[in-house]
Amino acid sequence: PIGLGVAAIAKADGARVVVADTRDERRQHVEQALQLPTLNPLDERFETALRAQFGGMLAAKVIDATGSQQAMNNAVNLIRHGGSIIFVGLFKGDLQFPDPEFHKKEATLMGSRNATEEDFVKVGRLMAAGKITAEMMLSHHFDFDGLAQAYEAQVINNPQLIKGVIHF
């Protein structure tokens with residue numbers, strides 16, 4: 001859901017956005033709910049497909065919301081010269097990427113942890129303008145009375161679940 005929010009706001013701001021995710025269900029949700037192109041980073045043609053989305057170049061910015069050590073370590077390989085990497089997802093451990101590649105690209109690395117009041121104001125403004133909606137993340141509805149019986153199958157072990165709402 002954090003990655004969805006980041007993608008939706010970037011799109012609303014006019015950025016060219018491509019979402020990479022390893023799971024078919026999440027890519028389908030992004031394509032339907034946000035009308036954005038998606039790629040599977042595990043696909044052997046991923047970099048070629050990524051470059052095709054940006055006119056033959058790599059991305060100007062990579063915003064990683066995965067918290068995956070492997071994905072975060074690889075981010076420097078996905079940005080163009082002068083590009084930026086923004087880590088929104090948190091990996092509790094050490095990251096490693098090739099310093100010569102980072103320097104050669106004259107890259108910028110940023111971390112993001114908390115939202116500011118300005119961020120909330122912006123989200124409110126974008127929602128009021130209809131550029132983003134709460135429904136873009138919503139994938140499931142649950143009835144409170146039946147949730148206990150369905151919780152493990154429909155929440156814990158449900159690869160299609162993006163965000164759910166419980167109705168009381």
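The values are calculated or read from the model by the stated rules, or taken from the named source; none is laboratory data. Keep in mind it's a predicted model, so treat the numbers as computed, not measured. Neighbour counts are summed over all protein chains in view; Cβ atoms, including those assigned to glycine, are modelled from backbone coordinates with ideal geometry. Note: accessible area is taken over every heavy atom of the protein model, side chains too, but ligands, DNA and RNA are not part of it. Shrake-Rupley method; radii C 1.70, N 1.55, O 1.52, S 1.80 Å.
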Study note, to complete from the structure: For segment 100-168 the translational diffusion coefficient, Stokes-Einstein from a Kirkwood Rh over Cα pairs at 25 °C and viscosity 0.890 mPa s, in µm²/s, is roughly 154
Review point. In deg cm²/dmol and to the nearest 500, what is the mean residue ellipticity at 222 nm of the chain if only DSSP H runs of at least 4 residues count, each as -39500 (n - 2.57), divided by the residue total?
Key: -10000 deg cm²/dmol
**Study point:** Residue-span extension gain [ARG16 to LEU95] - 0.36 nm each, minus C-alpha spacing
**Key:** 25.7 nm
Check your understanding: So what is log10(I(q)/I(0)) for segment 40-168 at q = 0.12, 0.21 1/Å, when the Debye sum runs over its Cα atoms only?
Key -> -0.71, -1.21
Review point. Taking LYS163 as the anchor, which lysines have their alpha carbon closer than 23 Å to its alpha carbon, excluding any fewer than eight residues away along the same chain?
Key: LYS11, LYS122, LYS131
Point to revise | Highest-first arrangement of 59-65, 104-110, where packing means the average Cβ count within 10 Å | key: 59-65, 104-110
Revision key, fill the gap. The relative contact order of the chain, taking Cα pairs under 8 Å that sit 6 or more residues apart, comes to a percentage of 18
Check your understanding: If you build a Gaussian network model of the chain, linking Cα atoms that sit under 10 Å apart, which residue out of GLY82, GLY130, GLY146 swings the most?
Key -> GLY146
Review point. By accessible area of protein heavy atoms, probe 1.4 Å, what ranking do THR38, THR48 get, highest first?
Key: THR48, THR38
Review point. Using unit Cβ charges (K, R positive; D, E negative) and no other charged atoms, how large, in debye to the nearest 20, is the dipole of segment 1-124 about its Cα centre?
Key: 180
**Study point:** Charge-dipole axis of the chain as Lys and Arg at +1 and Asp and Glu at -1 on Cβ define it, positive-most pick from GLY164, ILE63, ALA107
**Key:** ALA107
